[in-house]
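Encoded as structure tokens, the structure appears first; notes follow it.
The values are calculated or read from the model by the stated rules, or taken from the named source; none is laboratory data. Note that the coordinates shown come from a computational prediction; the quantities given were computed from them, not determined experimentally. All Cβ positions, even for glycine, are placed from backbone atoms using ideal geometry, and neighbour counts span all protein chains on display.
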Amino acid sequence: MKTIIHKANTRGYADHGWLKSHHSFSFASYQNPERMNFGMLRVLNDDVVQPKMGFGTHPHQNMEIISIPLRGALSHKDNMGNKRAIEVDEVQVMSAGTGLTHSEFNDSKSQEVNFLQLWILPQELNVTPNYEQRKFAKKERLNNLQTIVAPKDNIEGDALPISQHAYIYRSNLDSEKTISLKLKSENNGLYVFVLNGSVEITENQLTKRDAIGIYNTDKVTIKAIENSELVIVEVPMQ
């Protein structure tokens, strides 16, 4: 088993006024050759958007883009005709494929929006662009692994599809509870991002916004030291 620890205070940070963003991996002006990716996971941004502000229309191509709102609601509009708000407990996926354009905006006059934006490198290039979003019941991830994203050719339950053999899970663990995750492939690794709380993984204690990458193993056990919220990304390492 091999591990990589990313403590919260070692992430890149950008303050644009309207947007405050912590970068787990190199992104825009934050460039760290030791933080380029974790396997096929290329970007994990922890973004806070100020009221009545947002991202103007911009393009993407050949990337699997996942947005997970944690606080507030983010309005989305794209050139495929989708115009919807993404709210807490919902997840949005976009397979950019041959190319798409979209915008994201915080319509609230008073409340910030906090959301995670993940980019996963696709298995197949130039697929037809696709957009989906879905609400996932919070109760179904209590002391359990809730699959929110899965490969389009191996969908689990209500998981949203992407063009990569990758999975994203959410879990809310009560204090002292333990979960185990068996990896789908020996070529995969896990990137565990602690939203809140404190957990123990492979004898490492992680707290709010810490993360750990784990690979060269077939199973990982996570124990909550206190009530905790996790986002777990399983990706091919090559």
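For region 108-130, the criterion of a residue being surrounded by 20 or more Cβ atoms within 10 Å (Cβ to Cβ), among the hydrophobic types (A, V, I, L, M, F, W, C), modelled with pLDDT of 95 or more and part of a loop (DSSP other than H, G, I, E, B) is satisfied by no position. For region 150-182, the set of residues classified as touching a residue at least 40 places away in the same chain (Cβ under 8 Å), among the aliphatic types (A, V, I, L, M) and touching a Pro at 6+ places or on another chain (Cβ under 8 Å) consists of ILE162, ALA166, listed by residue number. For region 189-208, check the following and say yes or no: at least one residue is touching a helix residue (DSSP H, G or I) at 6+ places or on another chain (Cβ under 7 Å) and not aromatic (Phe, Trp, Tyr). Checked region 189-208: at least one residue is touching a helix residue (DSSP H, G or I) at 6+ places or on another chain (Cβ under 7 Å) and not aromatic (Phe, Trp, Tyr). Flag: ARG170 does not match the condition of being surrounded by fewer than 18 Cβ atoms within 10 Å (Cβ to Cβ), out of contact with any Ser or Thr (no Cβ under 7 Å at 6 or more places or on another chain) and under 24 Å from HIS23 (Cβ atoms).
To keep it simple, each residue is scored yes or no on (1) aliphatic (A, V, I, L, M); (2) surrounded by fewer than 17 Cβ atoms within 10 Å (Cβ to Cβ); (3) touching a His at 6+ places or on another chain (Cβ under 9 Å).
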site	(1), (2), (3)
LEU70	yes, no, no
SER75	no, yes, no
GLY81	no, yes, no
SER103	no, yes, yes
ASN143	no, yes, no
ASP153	no, yes, yes
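All of (1) outside any strand (DSSP E or B); (2) within 19 Å of the chain's Cα centre (by Cα); (3) not hydrophobic (A, V, I, L, M, F, W, C) hold for THR147 with one exception: (1).
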